[in-house]
1. I need the full set of residues from the stretch A:190-200 which are closer than 17 Å to A:L89 by Cβ and modelled with pLDDT under 85, in order please.
2. Take the conditions under 20 Å from A:T83 (Cα atoms) and free of Cβ contacts under 8 Å to residues at least 40 places away in the same chain and apply them to A:I123. Does it pass?
3. I'm trying to understand the selection: among the residues of the stretch A:167-208, which are hydroxyl-bearing (S, T, Y) and over 26 Å from the mean Cα position of the chain (by Cα)?
4. Could you give every pair whose Cβ atoms fall below 6 Å, whose first residue belongs to the stretch A:253-274 and is closer than 30 Å to A:L60 by Cα, and whose second residue is among the small types (G, A, S) and part of a helix (DSSP H, G or I), counting only separations of at least 6 or pairs across chains?
5. Out of all the residues in the stretch A:23-40, which are facing another protein chain (nearest Cβ under 7 Å) and surrounded by fewer than 21 Cβ atoms within 10 Å (Cβ to Cβ)?
6. Out of the residues in the stretch B:28-50 that are of a type in the set (V, I, T) and buried (at least 17 other Cβ atoms within 10 Å of the Cβ), state the one that is farthest from the chain's Cα centre (by Cα).
7. Let me confirm something: among A:F234, A:F163, which residue is of a type outside the set (S, T, N, Q), under 25 Å from the mean Cα position of the chain (by Cα) and not in a helix (DSSP H, G or I)?
8. Within the stretch B:272-303, can you find the residues that are at pLDDT below 80, touching a helix residue (DSSP H, G or I) at 6+ places or on another chain (Cβ under 7 Å) and assigned to a helix (DSSP H, G or I)?
Amino acid sequence: MKTLTTRMKVGWAVITLVVLVWALLPVVSIVATSFKLPSQLDLGTFWPKSWTTTNYEQILVGSAKDLFLPALRNSIGISLVATFVAVVLATLAAYAIARLDFRGKRLILTTALGVSIFPVISIVTPLFNLWRNIGLYDTWLGLIIPYLSLTLPISIWTLAAFFRQIPWELEQAAQVDGATPWQAFRKAIVPLAAPGVFTTALIAFFIAWNDFVYGISLTSTSAARPVPAALAFFTGASQFEEPTGAISAAAVVVTVPVVILVLAFQRQIVSGLTQGAVKG
Amino acid sequence: MSTPTGGRGRGRSDRARDEARLGWWLAGPAFVVMLAVTVYPILQAFFDSLFSYRLTAPGDKAFNGGRNYVVVLSDPVFWRAFLVTLVITLVTVLVEVILGFFLALVMHRAIRSLRGVLRTAILVPYGIITVVSAFAWFYAFDISSGFVNHWFDWVPGIDADLNWFAHQGTSLFVIMASEIWKTTPFISLLLLAGLSQVPGELEEAAQVDGATWAQRLQRVVLPNMRAAIMVAVLFRALDAFRIFDNVFIMTNGANGTTVLSLLAYRTSIGRLEIGLGSAISVLLFLCVIGICFVAIKLFKVDLASARGEA
């Protein structure tokens, strides 16, 4: 490898700095806003003049508690269930696609592709009407079902791509040793497939966690309203106060864990996102 | 679609039939669920779109043929929303591809220690909820709480009194900025994967033959990445066309920023006009199909091969 000249070093430093600022500035800005005193929101400064945790108190123990905490519980619960169901179904399907030879493989993959590009808003109107009639409106199940349209297709694609790279000879070896196809799947393949399944679950969870259209259309109370939708309904501590601080604090609370997850598993997520999408 | 009944093709052995059956048993549930959560609702939407139907007066539901479509398609509001959506799609995708390609190149070329830092940084927007991104950008530009007006008051046209969300152009600018910021990481990762597939020997050979950096990019790198670029563009275009969250949070459609998704939402969920809302939903769906069709037929995007399905 050639050594870097000073000019190249400076160049790389500048590029890296620009990319860092570009990627992080909006996040840092909302974190900074979340620590501002409500009375100092209009100063127009980036950093808070005096740092305060008032906004966090407001959403965790204060007046906005009943708006935020149920939403947090809903978001976590609904996203987890939608992810779990999607990953279980997708694991079985992707195994069949990667491993077995049968008519309809392409049909399943094409369907998954079609579903993943489906405009969510087109499904919302009929679901809104139907859910109201059969009592699923504003319930967990009423969100979990449509969330499958978000989580299932990407899970199938990502897992199918992961599973294609598994050394399937192991399974054959197990079958030669007398295992049934099911046993071979469970004993030889599942341990190898687990990392791919985990990555897929992460990606699917982010997609469910990110949803806004379903959340705002198919719920009306804190019984099922997830965080992104709840943020849009935040109001200030008083009628004359903007909810800026509370929203920022809530946004930080729901963002930080996810960002940590993304960064902790970045290698897996990058391969999961791209493997499903580009041949490789 | 369920387990295919056996016996089709006498030449197939029992083992092949067992395999096919097992395949459908395993993949069937996922397949059925996917159809149930999308095909059924869109058919229902199509059905509802043929009725004069509002939830405020459900008893008056009556078949009116295609009149909802006539109403929607002759309404300038729809065409304005269509145009705004189209502009947002074109601009964001174009900027994202250029920016994403730049980021991919940077990550591809960076020395190992920097590569990790860069990748970590650009994955941050990916992990942010779109609504949170919308709020972050909204507050940054907001006339009272924002810092942008103070930081950039040396730029002509920007001063402390500029209300970004009071005009169409400036509102769309911030909306698109948030959208671009949030989704460029995805595109750049796809492009990075495409970049790493460009044969290194080809580039080196071109370099040895005296090709400049621009020539190598144009003649070697880009042609070899065509599939990756096309797939990234198509996926982002379809995604951008459905834009909703950013617009809802920042302007809720004020000052000529209403997009198609928001129009559909307001018509059916807001005003409970299920018939008209369904018609808009169906039209939006047809637009997405149209984009796919154009991409696949005109630009020959081979999704199956590009997505690793041989």
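The values are calculated or read from the model by the stated rules, or taken from the named source; none is laboratory data. Computed from a predicted structure; not experimentally measured. Note that we place each Cβ from the backbone using ideal geometry, even for glycine, and neighbour counts take in every protein chain shown.
1. Matches in the stretch A:190-200: A:V190, A:A193.
2. Yes.
3. Within the stretch A:167-208, just A:T180 meets the criteria.
4. Hits for this filter: A:V258/B:G127; A:V259/B:G127; A:V262/B:G127.
5. Within the stretch A:23-40, the subset facing another protein chain (nearest Cβ under 7 Å) is A:23-24, A:26-27, A:29-30, A:33.
Correct list: A:L24, A:S29.
6. Among them, the one singled out is B:V33.
7. Of the residues listed, the single one that is of a type outside the set (S, T, N, Q), under 25 Å from the mean Cα position of the chain (by Cα) and not in a helix (DSSP H, G or I) is A:F234.
8. B:L303
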